[in-house]
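Below is one structure, written out as structure tokens, with a few remarks after it.
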């Protein structure tokens, strides 16, 4: 057995052990936000570090789910259910160094993938073209998922990559909008943009969204 295989098995055992503990604790207690944050952070970090070109190729070939209404709030149950789901629709990475975002990108928006990274908001989006719109959760922990967007400022840099090419954008707009203002994800003629969206606060049912937009520079 190789060292790599041993490490993989150890990680797998740890994952299942942690899920079992969550299940037992969840029967008696309200899910602890610190444990929740640790788990989501660990899983998204594992995913972004292990992502390969072959996996991205498979992810691009899959169809995404764009049923926004089906996205559920973060909870112990929903996180455990996400572990049962396939995460083979990863299609890239997003890095926003100034605020500390480093996450995998998934095709579509569903509860499972949004617990691990950012999801594309429109079918047939292509990096470096049109308005590449991404969304993710706003957590109690200000360091997780898209929570750091509260620190977004004009002039900061955002990178998205499919491991074959990296696209760099400069932030040109940071604003709050109503959830019904869906036009913020539309393509703008003559512009190549990236748009990042999350709730303004980690409160279920909140109707305001943070919208960060950048324009392609490289």
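Couple of notes before you dig in:
- Residue match in region 146-156 (condition: under 19 Å from residue 177 (Cβ atoms), crowded, with 20+ Cβ neighbours inside 10 Å and in contact with a helix residue (DSSP H, G or I) (Cβ under 8 Å, 6 or more places away or on another chain)): no
- Residue match in region 40-47 (condition: at pLDDT below 70, crowded, with 20+ Cβ neighbours inside 10 Å, out of contact with any strand residue (DSSP E or B) (no Cβ under 7 Å at 6 or more places or on another chain) and closer than 15 Å to residue 143 by Cβ): no
- Of residues in region 145-166 being in contact with a strand residue (DSSP E or B) (Cβ under 9 Å, 6 or more places away or on another chain) and in a loop (DSSP other than H, G, I, E, B), the one farthest from residue 203 (Cα to Cα): 163
- Within the span defined as region 198-214, one or more residues are closer than 20 Å to residue 47 by Cβ, touching a strand residue (DSSP E or B) at 6+ places or on another chain (Cβ under 8 Å), at pLDDT 90 or above and in a strand (DSSP E or B).
- Residue match in region 176-196 (condition: touching a residue at least 12 places away in the same chain (Cβ under 8 Å), closer than 16 Å to residue 97 by Cβ and touching a helix residue (DSSP H, G or I) at 6+ places or on another chain (Cβ under 7 Å)): yes
- Within region 126-142, tally of residues that are in a loop (DSSP other than H, G, I, E, B) and either in contact with a helix residue (DSSP H, G or I) (Cβ under 7 Å, 6 or more places away or on another chain) or modelled with pLDDT under 90 (or both): 6
The values are calculated or read from the model by the stated rules, or taken from the named source; none is laboratory data. Just so you know, these numbers come straight off a predicted model, no measurement behind them. Positions of Cβ are backbone-derived with ideal geometry, glycine not excepted, and every protein chain shown enters the neighbour counts.
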